[in-house]
Amino acid sequence: MAYHSGYGAHGSKHRARAAPDPPPLFDDTSGGYSSQPGGYPAPGADVAFNVNHLLGDPMANMAMAYGSSIASHGKDMMNKELHRFVSVNKLKYFFAVDTAYVAKKLGLLVFPYTHQNWEVQYSRDVPLPPRQDLNAPDLYIPTMAFITYVLLAGMALGIQKRFSPEVLGLCASTALVWVVMEVLALLLGIYLATVRSDLSTFHLLAYSGYKYVGMILSVLTGLLFGSDGYYVALAWTSSALMYFIVRSLRTAVLGPDSIGGPAPRQRLQLYLTLGAAAFQPLIIYWLTFHLVR
């Protein structure tokens, strides 16, 4: 064997046997916590799990990869079916977004209390696309949030050693079915309340799908800070979404056509709006509480 760089044979063999370990990818921020088998912090630690353990857990990585494949497959199937039964031109309106709109809309969903004007803007009796009107509903954020929720659910199940394709598939299908049922209930309520508005199925689907943003924040906070952080995030995102739903749907459901109408009809329309908003925290909790332990 030839040796290079001026080192002797003995020195080279020593280095070959005792090569230093590669530097860790992330610094250890666990402080004074004592390690336990499996890489988890000692009992009584204030964090829910170690970040290094999370990123290096093969079970969590496999769960995220499987969740990504399920989400991609479901998205392809949904697009295929939509092309068969839905006008693509009408659907494009709800995906006409840009980066600035997405960032502002996410901020509005998390903190809607300072927003003033909630009316959808029109140009020649045609509603402006979402990238030109922050109040316009879109389907891009609900779609991407649903995919992110499936990935996050897979990672959470992998961390808890409860991951299986059947469990993740049930989690994703349940989240989708609840939104569909909510939209059907809203359509029935609008019909019974004889509401005259421009609300379509896509509008209701967009408003119902915004709950996935709160679900992601709640689960992620729960994974980072435990059950206490989960319930704090759940309370905040639920209240923000309720406020957002009430202010967004009030103009559409209680529009100018309802002014001067029968009082019972106005009350029924108001109850429909409040009921749709009050139902959001229940669905968010039902779809997320089992992912945080």
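Derivation of every value follows stated rules applied to the coordinates shown; laboratory data play no part. Here the structure is a predicted model, which is why all the values come from computation and not from measurement. Positions of Cβ are backbone-derived with ideal geometry, glycine not excepted, and every protein chain shown enters the neighbour counts.
What to note about this one:
- R0 of 35 Å, Cβ-Cβ distance Leu170-Ser200: FRET efficiency to nearest 0.05: 0.70
- Electrostatic bookkeeping for Ile283 treats Lys and Arg as +1 and Asp and Glu as -1; over the other residues with beta carbon under 12 Å from its beta carbon, the sum is 0.
- Shape category assigned to region 138-287 from the gyration tensor of Cα positions, a/c cut at 1.5: prolate
- Whole-Hz couplings from phi, Karplus 6.51/-1.76/1.60, listed for region 204-212; x for Gly and Pro: 5, 5, 5, 5, 6, x, 5, 5, 4
- A protection proxy built from the mean count of other Cβ atoms within 10 Å ranks the segments 144-150, 190-196, 234-240, most packed first, as 144-150, 234-240, 190-196.
- Overall form of region 119-198 per C-alpha gyration tensor (a/c, 1.5; a/b vs b/c): oblate
- Positive end of the dipole of region 138-287 (Cβ unit charges, origin at the Cα centre): among Val195, Trp178, Leu287, the Cα lying farthest that way belongs to Val195.
- Electrostatic bookkeeping for Trp118 treats Lys and Arg as +1 and Asp and Glu as -1; over the other residues with beta carbon under 12 Å from its beta carbon, the sum is 0.
- The overall shape of region 101-148, judged from the alpha-carbon gyration tensor, is oblate: a/c is not under 1.5, and a/b is no greater than b/c.
- Remark: region 142-287 carries a charge dipole of roughly 180 debye about the Cα centre, counting +1 on each Lys and Arg Cβ and -1 on each Asp and Glu Cβ.
- Relative packing of peptides 163-171, 268-276 - highest average C-beta neighbours within 10 Å first: 268-276, 163-171
- Pairs of Cα atoms nearer than 8 Å and 6+ residues apart set the relative contact order; for region 138-287 it is 29 percent.
- Take the Cα of Val102, step 7 Å toward its Cβ, do the same at Ala185, and the gap between the two points is 3.0 nm.
- Estimated distance in nm for a label pair at Lys90 and Phe289, the labels positioned 7 Å out from Cα along Cα-to-Cβ: 3.8 nm
- Summed side-chain charge close to Gly222 - residues other than Gly222 whose Cβ falls under 11 Å, Lys, Arg +1, Asp, Glu -1: 0
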